[in-house]
Amino acid sequence: MDYIQALHRKGDKAHAEYGWLLSLGIFNIVLGFLAVTFTSLATFAAVVYLGWLFMLSGLVMIYFAYRIRETGGHWSFVVFGVLAFVCGFFLLIHPMENAVILTMLIAIFIFTSGLVSLVSCFFGPHPYQGWVALGGIVSIFCACVIYAEWPVSGTWVPGTFLGVYLIFHGFTQVQIAVSGRRLFNSKLPV
């Protein structure tokens with residue numbers, strides 16, 4: 001359950017919570033614009049965040065493997081936990097150099113997802129086929145732009161993507177907060 005469903009379940013009590021969601025949305029928008037403005041700093045922050053996330057998730061997997069050692073099958077958790085921890089550690093050693101590698105992985109992912117979207121249009125008609133094809137073409141084009149400027153694109157792509165995500169997520173939160181307030185204001189007795 002996400003926070004939108006949680007707010008709706010609160011009913012009339014959720015009215016005050018929409019102010020917090022509005023503030024969070026505005027904060028995310030400002031943070032997103034800062035990330036797009038200072039892409040190198042945002043890239044550094046994103047890689048450091050990913051490094052710590054990998055390390056912590058690796059430790060949690062290792063702990064979980066220890067907890068289920070009696071039931072068997074725990075060795076896969078140990079292997080993946082150690083692998084996640086080591087990957088996170090290496091991300092933290094040289095964040096900006098590793099951002100270049102991360103950017104290449106992003107370009108490969110975007111290219112592959114665009115190619116799959118484009119190829120899926122040839123396997124029979126489906127709704128919004130034109131939009132899916134256009135999305136696939138745009139994804140392939142963006143991946144080619146990232147690759148054409150690689151390794152320099154490694155200094156700005158992760159930070160720019162983080163900034164754009166924060167901006168769109170912030171606008172979504174603002175819209176939900178404004179709509180939720182309007183919805184609950186219309187339900188309040190006069």
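Among the residues of segment 134-147, which ones are buried (at least 17 other Cβ atoms within 10 Å of the Cβ) and more than 15 Å from residue 161 (Cβ to Cβ)? Within segment 134-147, 136, 140 qualify.
Residue-wise test of (1) in a helix (DSSP H, G or I); (2) in contact with a Gly (Cβ under 7 Å, 6 or more places away or on another chain); (3) in contact (Cβ under 8 Å) with a residue 12 or more places away in the chain; (4) among the β-branched types (Val, Ile, Thr).
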{"residue": "28", "(1), (2), (3), (4)": "yes, yes, yes, no"}
{"residue": "44", "(1), (2), (3), (4)": "yes, no, yes, no"}
{"residue": "69", "(1), (2), (3), (4)": "no, no, no, no"}
{"residue": "78", "(1), (2), (3), (4)": "yes, no, yes, yes"}
{"residue": "81", "(1), (2), (3), (4)": "yes, yes, yes, no"}
{"residue": "88", "(1), (2), (3), (4)": "yes, yes, yes, no"}
{"residue": "91", "(1), (2), (3), (4)": "yes, yes, yes, no"}
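Just one residue in the set 137, 110 is over 30 Å from residue 18 (Cβ atoms) and under 18 Å from the mean Cα position of the chain (by Cα); that residue is 110. Taken over segment 37-74, the criterion of being within 17 Å of the chain's Cα centre (by Cα) and buried (at least 18 other Cβ atoms within 10 Å of the Cβ) is satisfied by 39, 42, 43, 46, 47, 50, 51, 54.
Among the residues of segment 75-90, the one identified as aromatic (Phe, Trp, Tyr) and over 25 Å from the mean Cα position of the chain (by Cα) is 75. Only residues that are surrounded by 16 or more Cβ atoms within 10 Å (Cβ to Cβ) and either on the phi > 0 side of the Ramachandran plot or of a type in the set (Val, Ile, Thr) (or both) were counted across segment 79-99, and they come to 0.
Of the residues 21, 102, the single one that is touching a helix residue (DSSP H, G or I) at 6+ places or on another chain (Cβ under 9 Å), closer than 28 Å to residue 169 by Cβ, crowded, with 16+ Cβ neighbours inside 10 Å and at pLDDT below 80 is 21.
The values are calculated or read from the model by the stated rules, or taken from the named source; none is laboratory data. Remember, it's a predicted structure, so these values are computed and weren't measured experimentally. Counting neighbours? That spans all protein chains shown, and the Cβs are built from the backbone with ideal geometry, glycine included.
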